[in-house]
Amino acid sequence: MATNAAPDSGAPRSTATVVISAPAAGADDKIALFPGAQPRKLSETLEQLITEFHTRRVTLREVIVVLQGRAYNLLMLLLALPFLLPVPLPGLSTVLGLVIAVIALRLTLGQKPWLPARLLDRELPPKFFPTLLGGARRVLRLLEVMLKPRQLWLTASPLLVQLHAFIILTAALVLLLPLPPGTNFPPALCIVIMAGGLLERDGRFILAGYLAFAFNGVFFAWFAIYGKRLVQMIWAWIAG
């Protein structure tokens with residue numbers, strides 16, 4: 001089994017170790033989504049990201065090491081945030097959506113989250129996290145205040161957790177589609193809400209995630225019907 005640790009930069013190593021690899025044949029693929037240790041506050045984790053990755057490029061491998069036991073749900077939440085904000089993502093939108101989709105697929109299958117080395121070693125631009133988290137600070141503070149463990153039965157069953165992850169996977173696949181600007185907001189909102197619910201075992205947020213998913217269905221059905229008509233009207237106007 002390969003171990004994908006953060007590269008040696010000469011600085012003192014973090015005490016956290018993260019294994020992100022495909023499970024060996026016959027190994028137990030189940031993952032404990034909710035570690036027993038008391039997690040740090042969301043704001044504390046985000047401040048650490050801003051501090052450590054303020055002025056240099058950073059790989060997803062390093063980010064996962066910093067996030068520690070909450071890495072995967074929190075990583076999906078963070079990578080969906082840029083789609084909610086007017087943050088330019090030249091060349092990154094496909095990568096961010098793909099990372100979310102790969103993690104959600106593994107969780108849907110009840111397996112350990114795994115990312116290919118090519119994605120783990122993909123560098124994010126300097127100040128990516130300070131820019132992102134600075135713009136999303138109000139959203140993140142609101143999440144931190146609102147999220148708390150409740151209606152735990154919605155996260156007690158592995159099958160239910162896999163169903164929640166399937167919702168995230170479906171929304172992430174929508175992010176990968178070549179859709180017009182602005183249409184990424186509904187699926188990204190669904191991912192942020194659902195990942196936040198899984199992160200803190202908040203059943204109410206998970207239910208809200210399903211409502212957001214239903215809204216996606218209505219939105220894209222409307223878009224498919226009236227968007228086509230709009231394109232036809234524009235084309236007729238140009239041709240005329």
Worksheet item: Which three semi-axes in whole Å describe the equivalent ellipsoid of segment 167-240, each the square root of 5 times a Cα gyration tensor eigenvalue, listed largest first?
Response: 32, 11, 7
Item to complete: Give the shape of segment 42-239 as rounded, prolate or oblate, defined through the alpha-carbon gyration tensor: a ≥ b ≥ c are the square roots of its eigenvalues, a/c under 1.5 means rounded, and otherwise the shape is prolate if a/b is larger than b/c and oblate if not.
Response: oblate
Fill in: In nm, spacing of pseudo-spin labels at THR51 and VAL145 (7 Å Cα→C-beta vector)
2.5 nm
Worksheet, complete the sentence: Protection proxy (average C-beta count within 10 Å per residue), highest first, orders 162-174, 189-201 as 189-201, 162-174
Worksheet item: Expressed as a rounded percentage, what relative contact order does segment 42-239 have, with Cα pairs under 8 Å and six or more residues apart?
Response: 27 percent
Practice prompt. Taking H placed 1.01 Å from N in the peptide plane, check which residues at least 5 places from VAL58 or on another chain put their amide H under 5 Å from its amide H.
Written response: LEU124
Worksheet item: Rounded to the nearest 0.05, what FRET efficiency is calculated for ALA224 and LEU92 with R0 set to 25 Å and r the Cβ-Cβ distance?
Response: 0.40
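Each value in this text was obtained by applying a stated rule to the coordinates, not by laboratory testing. Owing to the predicted nature of the structure, the values given are computational and were not obtained by experimental measurement. Cβ: placed from backbone, ideal geometry, glycine included. Neighbour counts: every protein chain shown.
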